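Take a look at the structure set out below.
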Amino acid sequence: MNPLFSAPRLITQCDAPAMAAIHQLCFPDAWPVELFSDYFDKPEWIGVFGFAVDHTAGSIAGFIIGRTTYDTNDILTFAVNPAYQGQGVGRILLETYLDAVPCACLLEVATGNTAAIHLYNTFGFEIIASRHDYYDSPDPDMRDAYVMTRRVAS
Ligand SMILES: CC(C)(COP(=O)(O)OP(=O)(O)OC[C@H]1O[C@@H](n2cnc3c(N)ncnc32)[C@H](O)[C@@H]1OP(=O)(O)O)[C@@H](O)C(=O)NCCC(=O)NCCS
């Protein structure tokens, strides 16, 4: 891992403003800070957890959060600050997250998001369905979504 970045650590509610700021840089339909904060108000109630990688400058470089309900995990959102993309942060975050998930994992990804789809494929995710007009994006290639799943290793 690049020495400019920390090892992944667990996210807390204090990280909500930084997560919202990165989301704003990455998505046209970014989540408000309140949504991140609410998720980590009582994470044990709704099974939410996540990891962040910090930059040595002190800011969060990227994060991933998800939720386990019964026997299925959903990756809720996953983003790396564009200034730090392409340096291995996303891969280490996803690997750390999946190591912590004991069950099948589901996610949605824009059909035009080739970087994320490539990354998910390398961890064994497969496309199982599509959702039309799932995202509110000005880019027509980023409106439809694939549903991808990763089964538990037997
Ligand atoms: C998807 C995302 C989280 C990946 O994070 P990252 O730190 O850039 O990823 P990494 O540097 O660890 O690279 C992971 C893989 O993606 C590939 N990749 C990264 N950027 C890419 C790009 N622009 N085009 C194609 N592949 C790309 C890398 O080549 C790497 O694959 P490899 O290891 O086989 O070479 C990041 O691009 C991002 O935040 N994008 C915007 C938000 C987003 O799309 N989130 C996912 C929503 S489902």
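Enter the Cα centre distance for the pair segment 71-110 and segment 118-154, rounded to the nearest angstrom. Measuring centre to centre over Cα atoms gives 12 Å. Once neighbouring chains are kept in place and the probe is 1.4 Å, which whole percent of the accessible area of the chain is contributed by carbon and sulfur? Carbon and sulfur: 54 percent of the exposed surface of the chain.
Cβ under 15 Å from PRO8's Cβ, PRO8 left aside: what net charge do those residues give with Lys, Arg +1 and Asp, Glu -1? It works out to a net charge of -2. For segment 1-73, applying the loop criterion from DSSP together with a ceiling of 11 other beta carbons within 10 Å to the chymotrypsin sites (Phe, Trp or Tyr not before Pro) yields TYR70.
Applying Stokes-Einstein at 37 °C and 0.692 mPa s to the Kirkwood radius of segment 48-149, computed over alpha-carbon pairs, gives a translational diffusion coefficient of 230 µm² s⁻¹.
Quantify how much of the Cα-Cα distance distribution of segment 1-72 extends past 14 Å, in percent. Summing the P(r) of segment 1-72 above 14 Å gives 61 percent of all pairs.
Once C-alpha pairs closer than 8 Å and six or more residues apart are averaged by separation and normalised to the residue number of the chain, the relative contact order reads 19 percent. Other residues with beta-carbon under 15 Å from the beta-carbon of ALA79 carry, at +1 per Lys or Arg and -1 per Asp or Glu, a net charge of -3.
Summed over the residues of the chain and divided among them, the accessible surface reaches 54 Å² per residue at a probe radius of 1.4 Å.
Considering only MET142, GLY88, GLY66, the residue lying farthest towards the positive end of the dipole of the chain is GLY88, judged by Cα position with unit charges set on Cβ. Charges were assigned to the Cβ only: +1 to each Lys and Arg, -1 to each Asp and Glu. The resulting dipole of segment 1-146 about its Cα centre is roughly 360 debye. The helix-based estimate of mean residue ellipticity at 222 nm for the chain, built from -39,500 (n - 2.57) per DSSP H run of four or more residues and divided by its residue count, is -7500 deg cm²/dmol to the nearest 500.
The values are calculated or read from the model by the stated rules, or taken from the named source; none is laboratory data. Treat the numbers as computed from the prediction; the structure is a model and nothing was measured. Because the Cβ atoms are built from the backbone with ideal geometry, glycine has one as well, and the counts that use them run over all protein chains shown. When the accessible area is computed, the model is the full protein with side chains, heavy atoms only, and any ligands, DNA or RNA have been set aside. Shrake-Rupley method; radii C 1.70, N 1.55, O 1.52, S 1.80 Å.
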